[in-house]
Amino acid sequence: MSVGLSTHTLICGGGILGLTIARELVARGCNDIVLIEKEDSVGCHASGRNSGVLHAGIYYTPDSARARLCLEGNLLMQQYCRENGLPLINSGKVIVTSNPQQLATLHELHKRARLNGAKVDLVDEKQLAEIEPNARTFGQALFSHYTAVVAPGKILEHLQKELTATGSVKILFNTKFSGNKKILQSPIEEKYHIKNL
């Protein structure tokens with residue numbers, strides 16, 4: 001069966017990037033979006049199969065886009081989880097040392113983190129034991145307050161429901177873009193002809 005389908009915006013991929021791009025476009029007034037996903041659900045690859053750690057931009061070069069976007073994305077995702085009742089663990093993270101030679105690296109990370117806007121503290125062994133009793137360090141450790149853990153699968157499911165509820169986004173599963181021919185292959189509806197790509 002061949003079905004013609006016209007859309008203003010086509011998004012390929014139902015991972016975190018595809019879903020959040022669709023969400024942002026809806027927020028900006030786009031109301032005709034088709035999102036295609038080759039699998040039978042959202043987040044079947046990297047987006048749904050990661051540890052869920054929200055990093056705080058500690059490791060990146062100060063003033064780089066990567067550092068800025070890492071921290072900004074962390075805070076936005078925490079806000080999204082809080083607003084939508086999604087799992088969020090604000091445990092922070094400790095970075096420990098095992099010998100005196102690693103202290104210089106720890107101090108460099110502390111400097112980078114502060115320049116990048118992350119909330120971090122250098123802590124001694126006693127303070128570390130209060131934060132994480134099972135951790136050991138040589139002299140000092142670095143505590144990152146903004147590092148958190150989320151449940152990626154729950155976030156992806158919530159984004160899917162949110163987008164579908166808008167009526168502005170149609171999500172097609174088991175559908176993949178076949179290339180330059182501007183035809184989608186789908187076992188559900190065998191071919192979609194996309195116009196205005």
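The values are calculated or read from the model by the stated rules, or taken from the named source; none is laboratory data. Being a predicted model, the structure only gives us computed values, none of them experimental. Using ideal geometry, Cβ is built from the backbone for each residue, glycine included, and neighbour counts are taken over all protein chains shown.
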**Message:** Looking at GLY57 and the list (1) assigned by TED's automatic domain parsing to the domain that holds THR164; (2) not in a helix (DSSP H, G or I), which single condition is not satisfied?
**Reply:** (1)
**Message:** If I ask for residues that are among the polar types (S, T, N, Q) and either surrounded by 17 or more Cβ atoms within 10 Å (Cβ to Cβ) or more than 30 Å from VAL120 (Cα to Cα) (or both), which ones from the stretch 26-58 would you list?
**Reply:** ASN31, SER41, SER47
**Prompt:** For ARG23, are the conditions met, namely being surrounded by fewer than 12 Cβ atoms within 10 Å (Cβ to Cβ), at pLDDT 95 or above and either not aromatic (Phe, Trp, Tyr) or not assigned by TED's automatic domain parsing to the domain that holds ALA141 (or both)?
**Reply:** no
**Asked** Is it the case that some residue within the stretch 46-55 is closer than 15 Å to LEU159 by Cβ and touching a Leu at 6+ places or on another chain (Cβ under 9 Å)?
**Response** yes
**Prompt:** For ALA151, are the conditions met, namely being at pLDDT 95 or above, over 19 Å from VAL96 (Cβ atoms) and of a type in the set (A, V, I, L, M, F, W, C)?
**Reply:** yes
**Request:** Report yes if ILE155 is crowded, with 19+ Cβ neighbours inside 10 Å and either free of Cβ contacts under 8 Å to residues at least 40 places away in the same chain or of a type in the set (A, V, I, L, M) (or both), otherwise no.
**Result:** yes
**Message:** Can you tell me which condition VAL34 does not meet? The list is (1) among the aliphatic types (A, V, I, L, M); (2) touching a Gly at 6+ places or on another chain (Cβ under 9 Å); (3) under 21 Å from SER178 (Cβ atoms), and all the others hold.
**Reply:** (2)
